[in-house]
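First up is the structure itself, then whatever we jot down about it.
Values quoted throughout were computed directly from the atomic coordinates according to the rules given, and no laboratory measurement underlies them. Note that the coordinates shown come from a computational prediction; the quantities given were computed from them, not determined experimentally.
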Amino acid sequence: MKSKRTCRWIYILIWLLAFAMVNYPIGAWASNKLTPFILGFPFSVFYFWAAYSLLILAGVLLAWKVMRD
């Protein structure tokens with residue numbers, strides 16, 4: 001069983017990676033792909049929608065984990 005401290009670090013790492021996905025230079029590089037459309041959206045819109053959704057989910061999980069313990 002993982003310790004509480006290890007779980008917190010995992011959630012913090014996930015949040016930092018998600019935060020990096022929406023900021024320069026990773027966000028600018030990753031959102032400019034040649035694939036024009038995914039699920040009917042331009043790729044850059046889909047990328048930022050997915051990245052911000054992951055960032056929000058990771059933030060909520062991190063807050064829930066910290067408040068719970």
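Values for this structure:
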quantity: Distant-in-sequence amide H partners of VAL22 (H built 1.01 Å from N, under 5 Å); calculated: none
quantity: Rounded to 10°, Cα long-axis angle of helix 43-68 versus longest principal axis of the chain; calculated: 10
quantity: Relative contact order of the range 4-68, pairs being alpha-carbon contacts under 8 Å that are 6 or more residues apart, as %; calculated: 42
